[in-house]
1. Could you pull the Cα extents of the range 56-127 along its three principal axes, largest to smallest, in whole Å?
2. Kindly rank 236-243, 337-344, 311-318 from highest to lowest mean number of other beta carbons found within 10 Å of each residue.
3. Pairs LYS246/LYS309; LYS323/LYS345; LYS154/LYS277; LYS113/LYS246; LYS70/LYS277: which exceed 32 Å Cα-Cα?
4. Compute, for the range 276-357, the length of the dipole vector about the Cα centre, with Cβ point charges of +1 (Lys, Arg) and -1 (Asp, Glu) only. Units Debye, rounded to 20.
5. How far, in nm, would the chain grow between ASN202 and ARG216 when pulled straight, counting 0.36 nm per residue and subtracting the alpha carbon separation?
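Just so it is clear, none of the values below were taken in a lab; they were calculated from the coordinates. As the structure is a computational prediction, the values presented were derived from the model and not from experiment. Note that we place each Cβ from the backbone using ideal geometry, even for glycine, and neighbour counts take in every protein chain shown.
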Amino acid sequence: ANYSVVLAENRKLHNEVQELKGNIRVYCRVRPFIRGQKEKQSVVEYIGENGELIVVNPSKQAKEGRRSFKFNTVYSPASTQAQVYSDIQPLVQSVLDGYNVCIFAYGQTGSGKTYTMTGPDGASEEDWGVNYRALNDLFRISQMRESTFKYEIKVQMMEIYNEQVRDLLSSDVFLDLHTLGILSTSNPNGVAVPEATMLPVNGPADVLHLMDMGLRNRAKGFTSMNERSSRSHSIVTIHVQGKDIKSGSSMHSSLHLVDLAGSERVDRSEVTGDRLKEAQHINKSLAALGDVISALAQKGAHIPYRNSKLTQVLQASLGGQAKTLMFVQLNPEVTSYSETMSTLKFAERASGVELGAARSNK
Ligand code: ADP
């Protein structure tokens, strides 16, 4: 597929595309082929400049099996880390103005979540993902504002695995959100998990050091980093405390950067024991996240934060004045078609509107 070419027929589809609505921004990113498959085997037929995406069901005639979707933005496989970051930079910067922001990467294992959030293994600066860029950027801008605003930037890193929250900046500390009071009104800012290690960022070198420390702790106890990252949610939280030098007024806000566990469905008949338990925890927490985002998009009176540790930890950054952005990651391989569709359905449900209309000749 030539991603920049619009077929006349596709133009017709675009006219029927439904717009995403609600508070949440949804950015779709299609990863490139990495194992040498031919591009004509892609399930992604078209990526438009205005957020259009057309996906083809490989087992049906093209006309019947097409669905069109519309996002705030769709990134083609050729997009760079710098391009992606430049689009979300204003959102990141708004944290310094007092907004709570939450950025997620959602998708099946292998769809590029970690690539988007962290970057590839051993990334050079050019390949850095959102986490490094955001932390660096917040530090840089806070320095620029030094004469009028005094900022303190601190970082927490946590992992949620089997509904247990683990502190990644110290070794093997599990956190009990109930005894820690994150759910109580005595934690009015709500943004920090009170007893997770919080470390200051005093310069760009600290950024690398902290990220490395978190990654090393995350991989512990697993045979490979990939295995771990596909089964646990990782949360980097950047806390910003600012004081207006003239007026003395202060603010506290946070940026949550979340690399979610792989969303792939696990066949219950094929797994048992630990793997089944992991899969159930992952399903439950991703469903809880979808419920919260969907309730927020529909401006529901009751937002069901308490159904998972993930939504409890992120509560203050979801809803109210907080801004939410979700990267919907797609693997374009034909064999991933059904997972790709379920990823798109999650995006659809979370945003509270129907994203893609079924296409048929009948
Ligand atoms: P996930 O975190 O969803 O399991 P990864 O981020 O590990 O997926 O991506 C799977 C593989 O694809 C990795 O080898 C990664 O480097 C590669 N990859 C993902 N997205 C891109 C991209 N945009 N450009 C180049 N390689 C990518």
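1. 50, 31, 20
2. 311-318, 236-243, 337-344
3. Those over the limit are LYS246/LYS309; LYS154/LYS277; LYS113/LYS246; LYS70/LYS277.
4. 380
5. Extending this stretch completely gives an extra 2.9 nm.
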